[in-house]
1. What's the FRET efficiency of residue 79 with residue 164 using the Cβ-Cβ distance as r and R₀ = 30 Å, to the nearest 0.05?
2. Pull out a ≥ b ≥ c, the square roots of the eigenvalues of the alpha-carbon gyration tensor of the chain, then state rounded if a/c is under 1.5, prolate if not and a/b is larger than b/c, and oblate in the remaining case.
3. Give me a comma-separated list of calculated 3J(HN,Hα) values for region 9-24, in order, Karplus coefficients 6.51, -1.76, 1.60 applied at θ = phi - 60°, integers in Hz, x for any Gly or Pro.
4. Taking the chain as a Gaussian network, where each spring joins two C-alpha atoms under 10 Å apart, which residue of 187, 35, 151 fluctuates the most?
5. Report, by chain and number, residues whose modeled amide H sits under 5 Å from the one on residue 26, excluding near sequence neighbours (fewer than 5 apart, same chain).
6. Assuming R0 = 25 Å, can you tell me the calculated FRET efficiency for the pair residue 129 and residue 187, based on Cβ-Cβ distance, to the nearest 0.05?
7. How do 225, 206, 180 line up, fewest other C-beta atoms within 10 Å first?
8. Mind running the shape call on region 138-206? Use the C-alpha gyration tensor, a ≥ b ≥ c as the square roots of the eigenvalues: rounded below 1.5 for a/c, prolate if a/b tops b/c, oblate otherwise.
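Please treat every number below as a calculation from the coordinates, not as lab data. Bear in mind the structure is a predicted one, so any value in this text is a computation, not a measurement. Cβ sites come from the backbone with ideal geometry, for glycine too, and all protein chains shown count toward neighbours.
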Amino acid sequence: MSADPIISLRGVTKNYGSGATAFQALKGVDLDIAQGDFVAVMGPSGSGKSTTMNILGCLDVPTTGAFLFKGRHVETLDRDQRALLRRRYLGFVFQGFNLLARTTALENVELPLLYRGEDRRTRQIAGMAALDKVGLKDWWDHTPAELSGGQQQRVAIARAIVTQPDVLLADEPTGNLDSERSVEIMQLLTDLNRNSGITVLMVTHEPDMAAFARTIVHFKDGLVERVDQGAMA
Ligand SMILES: Nc1ncnc2c1ncn2[C@@H]1O[C@H](COP(=O)(O)OP(=O)(O)OP(=O)(O)O)[C@@H](O)[C@H]1O
Ligand SMILES: [Mg+2]
């Protein structure tokens with residue numbers, strides 16, 4: 001692992017709304033993520049996990065404080081610059097899979113490459129390679145409705161890794177899956193972390209899933225309460 005963290009948050013606050021309805025979801029989050037780490041983010045509902053993930057995913061910005069990615073101050077970037085950073089370095093997986101219906105697995109996986117302007121053949125080769133990594137090469141022409149929940153989430157992971165991101169962000173990726181399917185997803189994330197060197201950050205409510213991670217970050221009331229290292233050793 002390199003000494004410099006790939007991600008640093010310094011005093012990050014996030015306010016939603018203003019005036020009487022204003023709410024501070026993050027109250028000064030400090031967090032360092034080492035390159036190559038596998039991090040589980042835990043904590044009660046409403047403690048700020050998704051708010052933090054959305055900032056790390058460049059989907060949202062802090063109200064105050066600093067977010068450094070590879071030493072670059074993301075909070076100073078405009079929307080377009082953040083989008084470029086997101087497309088180049090980050091992959092995002094959500095609880096609800098978020099696949100396009102009536103669209104094949106391969107076409108779903110190819111989407112980030114389409115946004116990048118890659119040609120059809122490049123998209124297909126990279127798309128099939130990503131589907132192969134998640135064990136779904138033979139399912140490339142199936143639509144989401146023809147796939148199980150676990151398979152849909154694997155397609156979503158293939159879509160997230162098709163651009164070869166440095167960081168994979170997953171917000172409750174097993175939240176809609178039974179425990180057997182959840183373990184399969186965790187094994188896949190572990191494999192991507194170890195063999196492809198992707199830094200993984202995953203929100204989960206389940207200790208069994210967090211046990212797959214190397215580092216566990218506990219949120220409470222909009223702050224990092226505790227960081228446990230070496231859970232997996
Ligand atoms: N867009 C928004 N507008 C207003 N308040 C919001 C918004 N998004 C989140 N919040 C509030 O911010 C707080 C933190 O929300 P967040 O989604 O980060 O929690 P969480 O830790 O992910 O919870 P959960 O485990 O339920 O997903 C909550 O009180 C929530 O109601
Ligand atoms: Mg959440």
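1. 0.80
2. prolate
3. Those phi angles translate into 10, 10, x, 7, 10, 9, 9, 9, x, 8, x, 5, 9, 4, 9, 9 Hz.
4. 187
5. 14
6. 0.85
7. Neighbour counts put them in this order, fewest first: 180, 225, 206.
8. The shape class here is oblate.
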